[in-house]
Each structure stands twice: as structure tokens, then as C-alpha cells.
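Colleague: The structure that follows is given in the form of C-alpha cells.
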Amino acid sequence: MVIVMHSGASREQLDHVVQRVKHLGLKTHITTGKGKSIIGVIGDTTEIDTGTFMPLPGVERVERVSSPYKLASREPNGKLLRSNTVVSVGNVPIGGNDIIIIAGPCAIEGEAQIATIAHAVRGAGANILRGGAFKPRTGPYNFQGLGLSGLEMLQTTGRSVGMPTITEVMSPQQVGLVVQYVDILQIGARNMQNFDLLKEVGKSGKPVMLKRGMAATIDEWLLAAEYILSEGNSKVMLCERGIRTFDDQYSRNVLDVMAVPIVKTLSHLPVLVDPSHGTGRKELVLPGAIAAIVAGADGVMIEVHHDPESARCDSQQALLPEEFKKLMCQLTKVAEAIGRNVCKSY
Ligand code: PEP
Ligand code: MN
């Protein structure tokens, strides 16, 4: 942390700030140039609020130098840059050179539905099967998911087609149940800052995919990841899924593609992109997925439904199996063009 003094700050004001810093058990290093002094605060400042020093006379501003997300950060204090973390789920390495594809329906609606879609996406080369059993719907009268029976169907189908599975967990109380049925826990956008939930999935030790909240800054997103990591769970991946801006006329959200290279620079964690929720329109899913891969994403998550007209949620953004197959061909070429491959997990 550094404390920058106003150019007109007096010697007494500087000494007073130094005394306050020392009172907190920390050391100081003062640099003075062009009439301005900067106090470097030395020691563990993790629990010290930058606001503590702001009211002191003569203080212009206070800045943190080290990252507040120590475990998620690519640049730990005074050490070498951390290399990319690879989270392995079954035979699918997420965060390495291969790009991984998660696909499946928005929600599990029945045995035949999930089985049909699972066979289709597996046949097209998807690596991980998605499907919601507990759905975070905007209204309480909308389909809320099949709950436990949905989890059972996802597990059975995943095993029969030989694909690892991912589903959303919505509350700390659900974690103990959901971990028994799937390989990856998904934290949805609406729960990105449900800190009790983050701690609980952290304690579970299961791989977790943390979606970005629809109004979350990148720092808030990484601090949410820090909650999971600080419970001792290192298997965390991030997923950009679009943010809310001022124009919702042509797309459901604005896919923040540049968040990918930004987060890849700030953090060692794998970064995925969900262009289905990120755009909310099936015709935008392919351009969104291509942009994500080109921007450096480690994978994409795509919603697929064999009969979107009868889908119980997000029908407007679901790709048909044949459209998904075309997307896979396109993404394979795009990945090759940038020196990566789409993961072949079979
Ligand atoms: C989902 O992936 O099923 C979902 C609800 O996404 P999000 O949390 O990004 O809205
Ligand atoms: Mn959905």
C-alpha cells in the first residue's frame, strides 16, 4: 500500500501519518520528490482498509500495490508469475492448450430429452454435458427445474455417454446433494456474490465454474473466485456470460469478450465464455463463440435443444443439434488458426 501526501503537506502531517502506520504494526519507507512525499507501507496490509488513512490531514490518496485477490492473482507478491492452472475433470483438461466445449440443454426436462441432446452433442465432439436441475428463474411461476430427479437423469446420462457433467447449485444447503451427482459445480451469475455459497463450494473441493455476475466488475469477479480458493479449493474456473449495459434491444446481455484477455493477464485461472446467455439469441451464439476463442478463452459453453419450440426455458438461444455440429466445425478451424485444438476427449 502507498500513501501519497499532498504537495503542500507539512512535516508534522507526514510524521502523524507515519505514526498511524506504525501504530498498526507496519513499517514505512518514505520517498520525496518535487515537494511530494509518498509513504510506502511495508507489511501485511490485507485487513487494512485504504479508507483508514484518507481522513488524515495532508493525505491525497491511498493505493493498494498488491492484488486483493492473492490466490486468484497471476502475480503473487515478490514471486514469479504463476503459470496457467489446468483443472482436470475426468479426461478433460480445462485451461491447457486445448479448448473445451460444454454443451447441453438449459434445463433437464426429462430422461428422453437429456439423452437425445447428450448423444447429439457428444457425437459432435462436445467434452462436458451441461443441464440445469435447479434453475434460477426471474419469476417464481417459471419452470424451476426438476430438482433431484433432474440431477439423477444428468448423472445417468453423463455416465452412459461417457461425459463429465456440470450443473448449477443455487444455495449452500444444496451443495452436499449436488456434489454427489455431478463433476463440476456451476455458480450462476445471480449468485456470484452469494458469499456463503462460495465458501461452501470452496469447502466441497469439487471443480467449480464461477460465472460473472451480470453487473460485476472484473475485480469483484476475481474476489468472488478468491472466496472459493481461500477455502482450499484450487479447482476454480471463470466464465464470462455477458453483462448488462444500456441497450437490451438486440441482445439479452453484452458479451464482454475483452474480459477474457484482461482476466488471463490478471489471473492464472481458466477462463470460459458462455455466448448463449451472453447474447440470448441463437444467431449470435456462433460469432460470440468465435470471438471468445480468438480472444483466448479456454472453452465455451453452448445451450443445445433438439426441439427448442418445446423447451421449458431459453428456447430463443438454443442451437439445434445440426447447428451445434456446424459450430463445432467452425470452432475447430478457428482454434487451429490460433495454434490451439478443440479437445478430443474420446
Ligand atoms: C445457466 O447457465 O444455466 C444460467 C442460468 O446462466 P447464468 O447464471 O449465466 O444466467
Ligand atoms: Mn439457459
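Colleague: Among CYS329, CYS343, CYS239, CYS313, which comes first, second and so on when ranked by fewest other beta-carbon atoms within 10 Å?
Modeller: So the ranking, lowest neighbour count to highest, is CYS329, CYS313, CYS343, CYS239.
Colleague: Using θ = phi - 60° and the Karplus curve 6.51 cos²θ - 1.76 cosθ + 1.60, what whole-Hz ³J(HN,Hα) does each residue of the range 161-176 get, with Gly and Pro shown as x?
Modeller: Taking θ as phi minus 60°, the curve returns 8, x, 10, x, 10, 9, 8, 7, 10, 9, 9, x, 5, 7, 4, x Hz for the range 161-176.
Colleague: Still on this structure, I have one more. Select from the range 254-326 those trypsin sites (Lys or Arg not before Pro) which occupy a DSSP coil region and have at most 16 other Cβ atoms within 10 Å, ordered by residue number.
Modeller: ARG281
Colleague: Return the loop-located trypsin sites (Lys or Arg not before Pro) in the range 40-129 (DSSP other than H, G, I, E, B) with at most 10 other Cβ atoms within 10 Å of their own Cβ; answer none if there are none.
Modeller: Passing sites in the range 40-129 are LYS79.
Colleague: Anything over 26 Å Cα to Cα? Flag those among LYS22/LYS70; LYS70/LYS135; LYS211/LYS264; LYS206/LYS264, in the order listed.
Modeller: LYS70/LYS135
Colleague: Using the Karplus equation 6.51 cos²θ - 1.76 cosθ + 1.60 (θ = phi - 60°), what ³J(HN,Hα) coupling, rounded to whole Hz, does each residue of the range 5-18 give in order, writing x for Gly and Pro?
Modeller: Coupling constants for the range 5-18: 8, 4, 5, x, 5, 7, 4, 5, 5, 4, 4, 5, 5, 4 Hz.
Colleague: Among bridges DSSP assigns within the chain, what percent are antiparallel (round to 5)?
Modeller: Looking only at bridges with both residues in the chain, the antiparallel portion is about 40 percent.
Colleague: Now, a different point. Across the range 245-261, in residue order, what do the Karplus-derived ³J(HN,Hα) couplings come to in whole Hz, using 6.51 cos²θ - 1.76 cosθ + 1.60 with θ = phi - 60° and x for Gly and Pro?
Modeller: 10, 7, 10, 10, 6, 10, 8, 5, 9, 9, 6, 8, 5, 5, 4, 5, x
Colleague: If Lys and Arg each add +1 and Asp and Glu each add -1, what is the summed charge of the other residues whose beta carbon sits under 15 Å from the beta carbon of MET1?
Modeller: +1
Colleague: What does the net charge come to around GLU60 if you take all other residues with beta carbon closer than 15 Å to its beta carbon, with K and R at +1 and D and E at -1?
Modeller: Net local charge, GLU60 excluded: +2.
Colleague: Taking LYS326 as the anchor, which lysines have their alpha carbon closer than 18 Å to its alpha carbon, excluding any fewer than eight residues away along the same chain?
Modeller: Once the sequence-local lysines are set aside, what remains near LYS326 is LYS282, LYS344.
Colleague: Would you grab the residues whose amide H sits under 5 Å from the one on GLN186? Only those 5+ places off in sequence or on another chain, please, with H modelled 1.01 Å from N.
Modeller: THR167, GLU168, VAL169, MET209
Colleague: When you have a sec, figure out the Kirkwood radius of the range 210-346 from all distinct Cα pair distances and drop it here in Å to one decimal?
Modeller: Evaluated over the range 210-346, this radius sits at 15.6 Å.
Colleague: Let me ask something else. Most exposed first by the Cβ proxy, i.e. fewest other Cβ within 10 Å, how do MET170, MET209 rank?
Modeller: Neighbour counts put them in this order, fewest first: MET170, MET209.
Colleague: While we're on this one: Give the order of MET258, MET5 when sorted by the count of other beta carbons within 10 angstrom, beginning with the fewest.
Modeller: MET258, MET5
Colleague: A further question on this structure: Check VAL271: other-chain or 5+ apart residues with amide H under 5 Å from its amide H, H built from backbone geometry?
Modeller: LEU238, ASP298
Colleague: Is the shape of the chain rounded, prolate or oblate, going by the alpha carbon gyration tensor and its root eigenvalues a ≥ b ≥ c, with a/c under 1.5 for rounded and a/b larger than b/c for prolate?
Modeller: prolate
Colleague: Kindly express, to the nearest 10 degrees and within the range 0 to 90, the angle between helix 111-124's C-alpha long axis and the longest C-alpha principal axis of the chain.
Modeller: With both axes taken from Cα atoms, the answer is about 80 degrees.
Here, each number is a calculation from the coordinates, and none is a lab measurement. As the structure is a computational prediction, the values presented were derived from the model and not from experiment. Heads up, the Cβs are rebuilt from the backbone with ideal geometry, glycines too, and the neighbour counts pull from every protein chain shown.
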